[in-house]
Every structure is written in structure tokens, then in C-alpha cells.
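For reference, the structure discussed in these notes is given below.
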Amino acid sequence: METFNRIAPDVSLGRSVKIFGFANLYGCTVGDESRIGCFVEIQKNAIVGARCKISSHSFICEGVTIGAGAIVGAGAVVTKSVASRTVAAGNPARLLRTLGEGEAP
């Protein structure tokens, strides 16, 4: 993790989580092997499942759950839960599609 990330002490990071520059995480949980892009904020009580991809400039609001294997598109503002193995984007974020069998996040 880069030194310009702000990761609060109450954040729970899973195994092999990758966080890219200028991220701000506090009071949240991030599952194993998830990737957090640049300029992402994840607020308290948010849960990001395992093997998720949170693209750059995204904002995950307090208490919002991101299901395992989901993708959140760049610039998304997530105000509701995102189901496992789905793609969500926009402001506010909305479901774009479900990932196909064998399609990796």
C-alpha cells in the first residue's frame, strides 16, 4: 500500500488486497484478493466481498455491501448493495449486467 493512502486502524483487510493511490478507507471490511482503485473512498460499515474490483474515483457509502466477485465501475456512487458477480456503475450506481460463467472481475 502506498503511503498516501488513508487506511484507518478500524479497517479490516483480507488476504492479498491491492489498494492503489489516494484511497480513503475507514471503518469498512474488504475481502480477500479485492482490488481498490485510485481515488476511492469506502465509508464505515461498508463491506466489500472477496475478489471484487472497485474502479477509480468510486464512492462506497456507509453501510453499502458489495457482493463477492462484483465490479464497481469508475466514478460510481454506490448507495445501495451490489449483488455478487454483477457490474454496477453510475451516479447513483445501478446494475448494468451479471457476469457470465467463468468471467473474472
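The values are calculated or read from the model by the stated rules, or taken from the named source; none is laboratory data. Keep in mind that this is a model prediction, so the values were computed, not measured. For neighbour counting, all protein chains shown are included, and Cβ atoms are generated from backbone atoms with ideal geometry for every residue, glycine included. Accessible surface areas use protein heavy atoms only, side chains included; no ligands, DNA or RNA. Shrake-Rupley method; radii C 1.70, N 1.55, O 1.52, S 1.80 Å.
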State which residue is most open to solvent (accessible area, probe 1.4 Å) when the search covers only segment 51-62 and only residues that are part of a strand (DSSP E or B) and hydrophobic (A, V, I, L, M, F, W, C). PHE59
Quick check on this structure: which one of GLY69, GLY75, GLY21 is out of contact with any strand residue (DSSP E or B) (no Cβ under 9 Å at 6 or more places or on another chain) and part of a loop (DSSP other than H, G, I, E, B)? GLY21
Sort through THR86, THR79, THR98, THR65 and tell me the only one that's touching a residue at least 12 places away in the same chain (Cβ under 8 Å) and surrounded by fewer than 14 Cβ atoms within 10 Å (Cβ to Cβ). THR98
Those residues of segment 12-46 that are over 13 Å from the mean Cα position of the chain (by Cα) and either under 16 Å from GLY67 (Cβ atoms) or among the hydrophobic types (A, V, I, L, M, F, W, C) (or both) come to a total of 1
